[in-house]
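Every number in this text was worked out from the coordinates using simple rules, so none of it is lab data. Source: prediction; values computed, not measured. FYI the Cβ positions are ideal-geometry reconstructions off the backbone, even for glycines, and counts take in every protein chain you see.
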Amino acid sequence: MRTLLDTHFVLWVSFEPGRVPLAAANILNSPDAELWFSVASLWEISIKAALSRPDFRLDPHQLRLDLVENGYKELEITGAHALAAGGLPLIHRDPFDRMLVAQAMLEGIELLTRDAQLAKYPGPIRLV
């Protein structure tokens, strides 16, 4: 199953695997799992790290390299994704999260999230 990790999951699988809920760990460790991360998550993490936020003390370049080396696939942002994100209802106002929803919808990839507000969008979103 193709699964797109939201930004929290990208950080948790990389730095705090103990925070990954059991239901999500079962998905992530499934033998048929095809795990994806979005450039939108890298963008968000890079911005927050550059702002020296204490909860984002990490090297985004190394994070990307580690994800790729561990078999995660990178989902680029396209013009179609940008247009779809802009057309979503304002259920969630975070532009990075809205991009993840648009990508999941257009690519047919299930978005894995802990954000109940994000899970209110229709489409392939799994709240764990």
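Ordered by the count of other Cβ atoms within 10 Å of each Cβ, fewest first, E74, E69, E110 give E69, E74, E110. The mean sequence distance of close C-alpha pairs (under 8 Å, at least 6 residues apart), as a share of the length of the stretch 5-128, puts its relative contact order at 26 percent. Of the residues E34, E44, the one with the fewest other Cβ atoms within 10 Å heads the list, and the complete ranking is E34, E44. As a proxy for reagent exposure, ranking R19, R98 by other Cβ atoms within 10 Å from fewest up yields R19, R98. Classify the chain: rounded, prolate or oblate, from the alpha-carbon gyration tensor (a ≥ b ≥ c, eigenvalue square roots; a/c under 1.5 rounded; otherwise prolate if a/b is larger than b/c)? Verdict is rounded for the chain.
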